[in-house]
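Novice: Okay, here's the structure, questions in a sec.
Just so it is clear, none of the values below were taken in a lab; they were calculated from the coordinates. Every value quoted in this text rests on a predicted model; they were computed, and no experiment measured them. Here Cβ is always computed from backbone atoms with ideal geometry, including for glycine, and neighbour counts include all displayed protein chains.
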Amino acid sequence: MALSRFWTFILLLSIGYVLVMLAAGRQYSLGTLINGVQGEALVVAELDTAAIHGTAMMAQLRKAGAVGVTSGDDRYVLSSTGTVKLTRGKQPADGLFATCRNTIMDLWLPLIGYLTFFCGLLNLLIDSRAMEKVALFLSPVFHRIFPDLRRDHPAYGFMTLNFAANFLGLDSAATPFGLKAMESMQEDNPNKDKATNSQIMFLCLHAAGLTLLPTSIIGYRAAQGAANPADIMIPCIITSFVGTLAALFLVAAKQRINLFNLPVMLSVLLISTIIGVLMAYIGGLSGSDKFHFTDNLSNGMLLGIIGLIVGYAFIVERYFREKGTNMFDSFVHGAKDGFTTGLRVLPYMLAMLAALSIFRNSGLMGLVMDGLAWVMSGAGVDKEVIDAIPVALMRPFSAGGSRGFMLDAMKTYGPDSVAGQLSCLFQGAAETTFYVVALYFGSVNVKDSRYTLGIMLTADLVCVITAVFVVHLYF
């Protein structure tokens, strides 16, 4: 219900706002909202060449051609239609049509590929009975965090693979595992339209995104010429760890789950120890060695997981024969399920991303950002923090949009500045909240997400606050 209202409100408010701006003469054209492309120059006015015919400006425009003449923030370009276009700024996001096209070409089709492959692997886990063993092994801990699920529930195995992929920064692998976990829990859901407690707990932990190896962030920093691109790793681990604990305790408090028991506390201690050991080892490496090690570790772990699944299935191949199948056919059967899941999630992805496109291009989101920056400035917040806030605000809505703000902050203020470091933390330690809710609940046709969105956004806020403190302490 919360997601539905959010979607409705941002659409209606954005459309209403842009129409008011058009009537007030502050919005030149509505075409950018429909046909525009992100990064294109925004046309704010068109001038008749008759008004400047024979002037020095006209001579400059003819000489400049398509490049145009720049004056401050404005650029004048002589168009082929005989008018002079005045452009100012760039379009913040793709228009509606471009968003629909790019959602399918750049997001959905790759997702179909990931789902098809990894769901095939997951079916090998199921048919080889490995998932049952994983579920039983993890049940002492998981049953206390997900008390509504039986002790041998197959979702435990799927969730473990999802958390492991997130831990290693392998988002493409994490999504298929997570969607499979949601489907597995949905089978026991007595009210198919309403999210269960276990689904909410899992999704909040997934969105908190405990990350050990933020390889993509390190790569972006290296491309921007950071002195030590990998120095963001430890702050990112700390921030995402605090955010994950916040999500865990917030959901547990809401669901009245007692986390202060031996299995859960030992698990938290074990994870903390693993993180501490790896942080100590990675901290002793040089800048280039850090990136090389983390990249090989994350990708090596993924290859190791694939090898273990296939290797174990080969060892117990008799289980496949008992079912009248073989390993390859089992993989193909699971891959077909992944493809079906991909078809089911497309409308939910498209609906959310199209609404966010209109929200950003209407100017309403920019207004919200400017207002928040003004409030924070008045409250005495450091300018360096305010300079990075656009990344934090955009992150729950759009990974691509927040990535653009992050890169812009590093270009403008430097990758080693407080704003540059902080923008990287905001990007690496949080998740695209609204997209995740739409995708995961959409995959199982859940319409009422209950309090999921509120807790996920609260965990995002905890990550933002933690990131600010960590940056000032660490750098």
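Novice: Calculate the FRET efficiency for HIS472 and MET376 from the Cβ-Cβ distance with a Förster distance of 22 Å, rounded to the nearest 0.05.
Specialist: After rounding to 0.05, the efficiency reads 0.90.
Novice: Moving to a separate point now. Take the cross-link list LYS133/LYS194; LYS133/LYS180; LYS90/LYS411; LYS133/LYS192 and give me the ones stretching past 22 Å between alpha-carbons.
Specialist: LYS133/LYS194; LYS133/LYS192
Novice: Could I ask something else about it? Under a Cβ-Cβ cut-off of 15 Å, what is the net charge of the residues other than GLY363 that fall near it, where Lys and Arg count +1 and Asp and Glu count -1?
Specialist: Around GLY363, the charge tally is +3.
Novice: Let me ask something else about it. Sum up the charges of everything whose Cβ sits under 15 Å from the Cβ of LEU461, counting Lys and Arg as +1 and Asp and Glu as -1, but leave LEU461 out.
Specialist: Computed value for this residue: -1.
Novice: Whose amide H sits under 5 Å from the amide H of GLY95, counting only residues 5 or more places off or on another chain, with H placed in the peptide plane?
Specialist: The answer is GLY36, VAL37, GLN38.
Novice: Considering only DSSP states other than H, G, I, E and B, which trypsin sites (Lys or Arg not before Pro) in the stretch 156-200 qualify as loop sites with at most 15 other Cβ atoms within 10 Å?
Specialist: For trypsin sites (Lys or Arg not before Pro) across the stretch 156-200 that sit outside H, G, I, E and B with at most 15 neighbouring Cβ atoms in 10 Å, the list reads LYS192.
Novice: Span-like helices, the chain: DSSP H, alpha-carbon axial extent 30 Å or more, mean Kyte-Doolittle 0.5 or greater, which ones?
Specialist: Answer set is 2-23, 233-255, 262-283, 287-315, 327-361, 452-474.
Novice: What number, rounded to the nearest 500 deg cm²/dmol, is the helix-based mean residue ellipticity at 222 nm of the chain, given -39500 (n - 2.57) per DSSP H run of at least four residues and division by all its residues?
Specialist: The helix contribution divided over the chain gives -23000 deg cm²/dmol.
Novice: Using θ = phi - 60° and the Karplus form 6.51 cos²θ - 1.76 cosθ + 1.60, what ³J(HN,Hα) does each residue of the stretch 187-196 get, whole Hz, x for Gly and Pro?
Specialist: Couplings: 4, 9, 7, x, 10, 5, 8, 10, 5, 7 Hz.
Novice: By count of other Cβ within 10 Å, fewest leading, how are VAL84, VAL20 ordered?
Specialist: Arranged by neighbour count, lowest to highest, VAL84, VAL20 become VAL20, VAL84.
Novice: Please identify every one of the chymotrypsin sites (Phe, Trp or Tyr not before Pro) in the stretch 259-313 that sits in a loop by DSSP and has no more than 12 other beta carbons within 10 Å of its own beta carbon.
Specialist: Within the stretch 259-313, the qualifying chymotrypsin sites (Phe, Trp or Tyr not before Pro) (loop, at most 12 other Cβ atoms within 10 Å) are PHE260.
Novice: Report the extension gain between TYR281 and VAL69 in nm, rounded to one decimal, defined as 0.36 nm multiplied by the number of residues separating them, less their alpha carbon distance.
Specialist: 70.9 nm
Novice: For the pair ARG5/SER267, report the inter-label distance in nm, with labels modelled 7 Å from Cα in the Cβ direction.
Specialist: 3.2 nm
Novice: Now a separate question. Given the Cα-Cα distance of LEU343 and CYS100 and 0.36 nm per residue of separation, how much length would full extension add, in nm?
Specialist: The LEU343-CYS100 span can extend by a further 86.0 nm.
Novice: Can I ask one more? Considering only C-alpha atoms, what is the centroid distance from the stretch 212-283 to the stretch 353-367, in Å?
Specialist: Centre-to-centre distance over Cα atoms comes out at 32 Å.
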